[in-house]
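Engineer: My structure is below; once you've seen it, I'll send some questions.
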Amino acid sequence: MLQELADIINSVNSEYVVHYEERNMYNIDADELGRDGKFCYIEEFATGSIDNSRSLIDSANVQLYFYQFIEMQDTALAREAIRKEIKQDIVYPFIRAMKINRQNQLKNYNWEYPPSWFDANEVGVLLTFNFKEYQCD
């Protein structure tokens, strides 16, 4: 699942550097990022479900954080413009690519604006969805 997501992200916008790690270790990894770039953080899957009603379907709850670093002490209006840019640059193209790659299996995505995690004033969009893998019997 992780590699497929990373491949899709890289195919729609290679400016976003993809990282995956568990949440409590991510601050260490982020310290090595340049403070002028764009990145996607895929949080390690912690919850999911298995549906056995027709065929075996293994689902993971996915959280993708798309971030850009901004100038310190930027304004709310500037951050809102950056969030709109992130949606145009990576969120919408990612969803369109998932529709093709997953043959329209995913219909619902949720988004929110996560708070900053680092001192570098990143601005981001969190995209969440349920990623399904069909298992052969």
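Engineer: Mind giving me the FRET efficiency for Lys107 and Thr75? R0 is 30 Å, r the Cβ-Cβ distance, nearest 0.05 is fine.
Structural biologist: On the way: r = 36 Å, r/R0 = 1.19.
The computed FRET efficiency comes out at 0.25.
Engineer: Separate question: So which trypsin sites (Lys or Arg not before Pro) in the range 79-137 are both in a DSSP loop and have at most 10 other Cβ atoms within 10 Å of their Cβ? Intermediate values should be presented prior to the final figure.
Structural biologist: On the way: sites: Arg79, Arg83, Lys84, Lys87, Arg96, Lys99, Arg102, Lys107, Lys132; in loops: Arg102, Lys107.
Passing sites in the range 79-137 are Lys107.
Engineer: What nm value, rounded to one decimal, do you get for the distance between Ser14 and Ala46 when each label is placed 7 Å out toward the C-beta?
Structural biologist: Output for this residue pair reads 3.4 nm.
Engineer: So who's got an amide H within less than 5 Å of the one on Ile70, skipping anything under 5 residues away but keeping other chains? H placed 1.01 Å off N, in plane.
Structural biologist: Those lying under 5 Å, H to H, from Ile70 are Glu122, Val123.
Any read-out appearing in this document is the output of simple, stated calculations on the displayed coordinates, not a laboratory observation. Note that this is a predicted model, so its numbers are computed, not measured. Cβ coordinates were reconstructed from backbone atoms using ideal geometry, including for glycine residues, and neighbour counts include every protein chain displayed.
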